[in-house]
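What follows draws every value from the coordinates through simple rules; no lab data is involved. Fair warning: this is a prediction, and the values are worked out from it, not measured in the lab. Heads up, the Cβs are rebuilt from the backbone with ideal geometry, glycines too, and the neighbour counts pull from every protein chain shown.
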Amino acid sequence: MATGTGIGPGRYGLTLRVSAPGVDSLGVSLSRFESQVVDFTPYWQAQFLPAWRAWITEAFRSEGRSTGAAWAPWSPRYAAWRRANGFAGQGLLVRSGSLSASLINPERDALGIWRPSPSALDVGTRRPFAIVHQLGSRKARIPARPPIRPTQDFVTNTLGRELQRFVAASWSAVRQTNRQYPGA
């Protein structure tokens, strides 16, 4: 299960779009920017990844509340099973910690997804149960508890602001180079 994130020219300037399974795609446009940046790979690593880590960490800590709505509680039967098997006191979506670990550190986890490119990024997890939590399952009677549920606030005020800083710094570097090496 991966979140797709892309940057490119939009109708009103530079656009950042974030999408995840079962969740509406969200975007932010930087209307004053028409980026001359051709490689956003440094942005993915230096700005996006720390923001992603903090956001996913908070989603797990708050059991979904920070991303819009609290995740549904365990069924009484499953809660009893967790207590009987030594998993009491752990949060929702946490049994071994492998799901949160693969999402918080996708570039280091064997089942994490971290595929940056110059204009897009796929980030997420290959944990087989992740998509069941993300979308829910009628057959298994599991409600959706989406670990990846981007909010407009996160996309606009965190990712968008960081993107704006990245583009501005890139422009400054290009202008400085052009001053030092006219005609370059």
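Modelled this way, with points 7 Å down the Cα-to-C-beta line, the labels at Glu107 and Asp39 are 1.4 nm from one another. With both labels modelled 7 Å from their Cα along Cα-to-Cβ, the Asp24 to Ala72 distance reads 2.1 nm. In plain terms, the residue of Ser62, Ser98 with the fewest other Cβ atoms within 10 Å comes first and the most crowded comes last, giving Ser62, Ser98. Full extension of the segment from Arg65 to Phe129, taken as 0.36 nm per residue of separation minus the current Cα-Cα distance, would add 21.0 nm. Projecting label points 7 angstrom from Cα along Cα→Cβ for Ser117 and Ala84 puts them 4.9 nm apart. Mind running the shape call on region 43-184? Use the C-alpha gyration tensor, a ≥ b ≥ c as the square roots of the eigenvalues: rounded below 1.5 for a/c, prolate if a/b tops b/c, oblate otherwise. Prolate shape, in that a/c is at least 1.5 and a/b is the bigger ratio. Taking every C-alpha pair closer than 8 Å and separated by at least 6 residues, the mean separation divided by the residue count of region 47-184 gives a relative contact order of 23 percent.
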